[in-house]
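Below: the structure, in structure tokens.
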Amino acid sequence: MIAVYAGSFDPITYGHIDIITRSSRLYERVVVVVSKNPTKRPLFTVDKRMEQIRKSTEHLPNIEVDSFSGLTVTYARMRQAQVLLRGLRVLSDFEKELQMAHTNKTLADDIETVFLATSTEYGFLSSSLVKEIAQFGSAIGHLVPPHVVLDIEKCYAKTPP
Ligand code: ADP
């Protein structure tokens, strides 16, 4: 069975990596898809985010990385994936995620959304939190892999807050 894990991943964090690692044991193939969202202003380009994800998951043989502009269900259909994977952290995620799952069900009844609960240690972690901490010069090595730390440091060295 193929699962699609779509998101912004701006940048990928240990929270995302935890979801990817655990789902790689559940599905034959997991495709991590960087969604091109025209309403968001990302810190990293789509190509950079894909490179960061590839490097973070290179030890997992059944993970593929791609990008897509459009509805996630359209991408899932194209790849003949049966599952849309999402991670759940706090109660506030739940409302948004449930609405999205219901919407996707109306668009593609044959595709199921599967939620994986965050591991306790990553329940607080989000990409925006990482960027906020880094912007103010604090350490983020416990939140993202070393190569992502370097990328973020380069970004903020160019544009100090
Ligand atoms: P989006 O813009 O689609 O929310 P994100 O990159 O923020 O993209 O998140 C992608 C998915 O990963 C979402 O389902 C989100 O809830 C989940 N996720 C993000 N951070 C964590 C975390 N620390 N633990 C578990 N799931 C997470």
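Descriptive notes on the structure:
- Scanning the range 23-42 for residues that are within 12 Å of the ligand (Cβ to nearest atom) and more than 8 Å from the chain's Cα centre (by Cα) turns up Ser23, Ser35, Lys36, Asn37, Thr39, Lys40, Pro42.
- The number of residues in the range 143-161 that are without any contact (Cβ under 8 Å) to a residue 40 or more places away in the chain and either assigned to a helix (DSSP H, G or I) or under 18 Å from Phe9 (Cα atoms) (or both) comes to 8.
- Within the range 130-142, one or more residues are modelled with pLDDT of 95 or more, over 20 Å from Lys40 (Cα atoms) and either touching an Asp or Glu at 6+ places or on another chain (Cβ under 8 Å) or surrounded by 11 or more Cβ atoms within 10 Å (Cβ to Cβ) (or both).
- Check on Thr159, crowded, with 16+ Cβ neighbours inside 10 Å and at pLDDT below 95: no
- Filter result for Leu125 (in contact (Cβ under 8 Å) with a residue 24 or more places away in the chain, in contact with a helix residue (DSSP H, G or I) (Cβ under 6 Å, 6 or more places away or on another chain) and more than 21 Å from Val31 (Cβ to Cβ)): yes
- Residue in the range 6-22 that is among the polar types (S, T, N, Q), away from the ligand (no atom under 13 Å from the Cβ), under 25 Å from Gly141 (Cα atoms) and buried (at least 19 other Cβ atoms within 10 Å of the Cβ) present: no
- Checklist (1) of a type outside the set (Lys, Arg); (2) touching a residue at least 60 places away in the same chain (Cβ under 8 Å); (3) surrounded by 19 or more Cβ atoms within 10 Å (Cβ to Cβ) applied to Val31, failing item: (2)
- Per this entry, Val73 is not counted among residues that are touching a residue at least 12 places away in the same chain (Cβ under 8 Å), in contact with a Ser or Thr (Cβ under 8 Å, 6 or more places away or on another chain) and either under 18 Å from Ala3 (Cα atoms) or surrounded by fewer than 18 Cβ atoms within 10 Å (Cβ to Cβ) (or both).
- Test: residue in the range 133-141 that is within 15 Å of the ligand (Cβ to nearest atom) and among the β-branched types (Val, Ile, Thr): yes
The values are calculated or read from the model by the stated rules, or taken from the named source; none is laboratory data. What you see is a predicted model, and the numbers here were worked out from it, not measured in a lab. Cβ: placed from backbone, ideal geometry, glycine included. Neighbour counts: every protein chain shown.
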